[in-house]
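The block underneath contains the structure these notes are about, expressed in structure tokens.
The values are calculated or read from the model by the stated rules, or taken from the named source; none is laboratory data. Just so it is clear, the model here is predicted, and its values are computed rather than measured. No Cβ is skipped: glycine too gets one built from the backbone with ideal geometry, and neighbour counts run over all protein chains shown. For the accessible areas, the whole protein counts, side chains as well, though only heavy atoms, and no ligand, DNA or RNA atoms are used. Shrake-Rupley method; radii C 1.70, N 1.55, O 1.52, S 1.80 Å.
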Amino acid sequence: MPLLPLSESIATHVLDGASVALEGFTHLIPFAAGHEIIRQRRRGLHLIRMTPDLIHDQMIGMGCADRLTFSWGGNPGVGSLHRLRDAIERQWPQPLAITEHTHAEIGAAYQAGASGLPCALMRHYADTDLDRARGAQMRTVTCPFSGERLLAVPAITPDVTILHAQQVDRKGNVLIRGIIGAAREAALAARRLVVTVEEAVEHFDVPLNAIVLPHWLVTAVSVVPGGAHPSYAAGFYERDNRFYLEWDQIARDRARFQQWMQEHVLSSRDHAELLARLRVAA
């Protein structure tokens, strides 16, 4: 498991047309990695995330993706993702195919992928418009033992999962603490796992309820302080709530969005320079 510069990690492991899961629930959202994907102008990506928010808005608006599999997409606590809506409603900058799930379905689909199964089975809830919108992608099956009606959810097996975490140790094990979300399942379901971390340490002090991803699971690690900004990293920095509020106005207008991305993401060599442009201390 090599320690790589983030630019090299993305260039090596995220290719055009890949299915890419960027997980992180409320915190540890891999913004730095998403920005590097934008800088490298990846195209035709199938993005996957339990709760896509600002980084997905940016990647979609910059033309990186032509497909999104997700559950609940929005600017948390603020409102819509305007670049996501523009892609769906007006096909700008290009059409975006979507597959929408519930949170439980996404979690179960990752779990099936991690288990080497073709699908996950869940208790079937009442029929909704979401089932009809998804067409043939979901199936109901009858349990051979109880006769109960069950919902079959196709497994999710990303070409690469990208996570942000707090630490990597000298052996290449990765520590995640705080809210875990679907990080573990997404890591185990993927063909490759790329991680950015706040810092490298000799040994972990593992708190209760944390998880450690073993070195043999991790494909590459990059040390990127502040790599989750504007989301937060438990134990390192808080959420930049002002940025989420400001993004609502930036993303509403195509020209303003493109100008912001050019000035802050495309014109920055790396995440450290981007944070300096935003006047954020890493």
- Give the range 98-119 a look and list any residue that's small (G, A, S) and out of contact with any helix residue (DSSP H, G or I) (no Cβ under 6 Å at 6 or more places or on another chain), or say none. A104, G107, A108, A109, A112, S115, G116
- Item | In the range 93-112, the residues that are open to solvent by 50 Å² or more (accessible area, probe 1.4 Å) and either closer than 17 Å to D159 by Cα or not in a helix (DSSP H, G or I) (or both) | P93, Q94, P95, A97, I98, E100, Q111
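Could you tell me which of the residues G235, G226 is buried (at least 17 other Cβ atoms within 10 Å of the Cβ) and part of a loop (DSSP other than H, G, I, E, B)?
Being buried (at least 17 other Cβ atoms within 10 Å of the Cβ) and part of a loop (DSSP other than H, G, I, E, B) holds for just one of G235, G226, which is G226.
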- Item | Only listed residue being in a helix (DSSP H, G or I), over 13 Å from the mean Cα position of the chain (by Cα) and touching a residue at least 60 places away in the same chain (Cβ under 8 Å), chosen from D57, D86 | D86
- Message: Can you tell me how many residues within the range 1-43 are in contact (Cβ under 8 Å) with a residue 40 or more places away in the chain, of a type outside the set (A, V, I, L, M, F, W, C), open to solvent by 50 Å² or more (accessible area, probe 1.4 Å) and outside any helix (DSSP H, G or I)?
- Response: 3
- Note on the structure: Note on the range 235-276: residues under 16 Å from V224 (Cβ atoms), aliphatic (A, V, I, L, M) and without any contact (Cβ under 8 Å) to a residue 60 or more places away in the chain are A272, L275, A276
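Can we say L188 is under 28 Å from A18 (Cα atoms), surrounded by 15 or more Cβ atoms within 10 Å (Cβ to Cβ) and out of contact with any Phe, Trp or Tyr (no Cβ under 6 Å at 6 or more places or on another chain)?
Numbers: under 28 Å from A18 (Cα atoms): yes; surrounded by 15 or more Cβ atoms within 10 Å (Cβ to Cβ): yes; out of contact with any Phe, Trp or Tyr (no Cβ under 6 Å at 6 or more places or on another chain): yes.
Spelling it out, L188 is indeed under 28 Å from A18 (Cα atoms), surrounded by 15 or more Cβ atoms within 10 Å (Cβ to Cβ) and out of contact with any Phe, Trp or Tyr (no Cβ under 6 Å at 6 or more places or on another chain).
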- Message: For the condition at pLDDT below 95, open to solvent by 40 Å² or more (accessible area, probe 1.4 Å) and polar (S, T, N, Q), what is the one hit in S146, S115?
- Response: S146
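Going by what's in this entry, would G116 be described as in contact with a His (Cβ under 9 Å, 6 or more places away or on another chain) and on the phi > 0 side of the Ramachandran plot? Quick ask: steps written out before the conclusion?
Numbers: in contact with a His (Cβ under 9 Å, 6 or more places away or on another chain): no; on the phi > 0 side of the Ramachandran plot: yes.
Judged against the criteria, G116 is not a match.
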- Message: Looking at the range 118-134, can you tell me whether even one residue there is open to solvent by 40 Å² or more (accessible area, probe 1.4 Å), modelled with pLDDT of 95 or more, assigned to a helix (DSSP H, G or I) and not polar (S, T, N, Q)?
- Response: no
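Looking at the range 83-102, can you tell me whether even one residue there is among the acidic types (D, E) and under 22 Å from H264 (Cα atoms)? Full working, then the answer.
Of all residues in the range 83-102, those among the acidic types (D, E) come to 86, 89, 100.
With the extra rule that they be under 22 Å from H264 (Cα atoms), the set shrinks to 86.
Yes.
Could you list, in sequence order, all residues of the range 60-76 that are touching a residue at least 60 places away in the same chain (Cβ under 8 Å) and surrounded by 20 or more Cβ atoms within 10 Å (Cβ to Cβ)?
Passing the criteria: G61, M62, T69.
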